[in-house]
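Novice: I'd like to ask you about the structure that follows.
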Amino acid sequence: MSWKKIKPEFFDQPTLELARNLLGKILVKETEEGTAAGKIVETEAYKGPGDRAAHSFGNRRTARTEVMFGPSGFTYTYVMHTHCLVNVVSGGDLNPEAVLIRAVEPVEGLELMRRRRPKARKTVDLTNGPGKLTKALGIVKADYGRPLHEPPLYIAEGRAAEEIKTGPRIGIDNSGEAREYLWRFWEAGNPFVSRFRKGID
């Protein structure tokens with residue numbers, strides 16, 4: 001399948017807007033095994049120096065966060081609890097922000113995803129979480145720093161989500177007031193969203 005790659009300037013928008021506008025876009029990874037792709041259905045925004053939940057809170061600049069201090073539209077990967085997570089760098093030079101891709105809906109390479117995640121009993125379990133989707137798509141820590149507008153790892157045009165829900169981010173209980181920021185975005189009703197909470201979704 002041929003995907004129309006996003007232009008680099010797409011990433012030059014405020015982080016909260018980018019987190020919303022990534023919904024419906026296609027995340028694509030090309031490998032020697034084949035191509036796997038998924039429609040982005042859930043994201044979380046992390047607003048850098050003033051966001052206690054962000055790795056770059058307080059302008060913390062380390063080998064891990066270095067890519068966040070560069071231009072928007074590059075890949076920020078890191079490992080948490082043995083799982084690789086993938087983020088889109090945003091905010092522009094010296095403004096270290098990012099958008100975490102939390103869930104995707106498979107659109108290409110389904111059998112390849114199943115081989116990579118043989119313990120996933122249901123299709124919905126292949127990519128309904130940030131660590132699951134990277135394994136299914138073949139995204140690894142070594143993808144750190146790749147531009148997201150060209151192969152082998154890139155974001156392509158898709159179709160905008162018809163309805164977007166917002167809520168608090170997940171797994172950041174030790175981040176003070178940042179726990180309450182409504183910076184998680186997801187496509188309403190999509191079964192591949194990582195987590196639903198009664199009264200919100």
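The values are calculated or read from the model by the stated rules, or taken from the named source; none is laboratory data. All values derive from a computational prediction rather than experimental measurement. Because the Cβ atoms are built from the backbone with ideal geometry, glycine has one as well, and the counts that use them run over all protein chains shown. Just so you know, the surface numbers come from the protein's heavy atoms only, side chains and all, with ligands and any DNA or RNA stripped out. Shrake-Rupley method; radii C 1.70, N 1.55, O 1.52, S 1.80 Å.
Novice: Is the range 128-173 best put as rounded, prolate or oblate by its Cα gyration tensor, with a ≥ b ≥ c the root eigenvalues, rounded for a/c under 1.5, and otherwise prolate when a/b is larger than b/c, oblate when not?
Specialist: On the way: a/c = 2.15, a/b = 1.26, b/c = 1.71.
Oblate is the answer for the range 128-173, as a/c is 1.5 or above yet b/c matches or exceeds a/b.
Novice: Given a 1.4 angstrom probe, what's the average accessible area per residue across the range 8-187, in square angstrom? Each step should come with its number before you reach the end.
Specialist: Working: 8140 Å² over 180 residues.
Value returned for the range 8-187: 45 Å² of accessible area per residue.
Novice: I would also like to ask the following. Suppose a student asked you for the relative contact order of the chain, using Cα pairs under 8 Å spaced at least 6 residues apart; what percent would you report?
Specialist: Working: 484 pairs, mean separation 55.8, N = 201.
About 28 percent, as a whole number.
Novice: Still on this structure, please answer the following. Among the aspartates and glutamates, which have Cα under 16 Å from the Cα of K25 when same-chain residues fewer than 8 positions away are ignored?
Specialist: By straight Cα distance, K25 reaches E9, D12, E17, E42, E44, E105, E108, E150, E157, E162, E163, E187.
Novice: Note down the nm distance, to one decimal, between modelled labels 7 Å out along Cα→Cβ at E150 and at Q13.
Specialist: 2.4 nm
Novice: When the accessible area of the chain is computed with all protein chains present and a 1.4 Å probe, what percentage of it is carbon and sulfur?
Specialist: For the chain, the apolar C and S fraction of the accessible surface comes to 49 percent.
Novice: Sticking with this structure for a sec: Per 10 Å bin from zero, what fraction in whole % of the C-alpha pairs of the chain is there, up to the bin with the longest pair?
Specialist: Going from the shortest bin to the longest, the percentages are 9, 39, 39, 13, 0.
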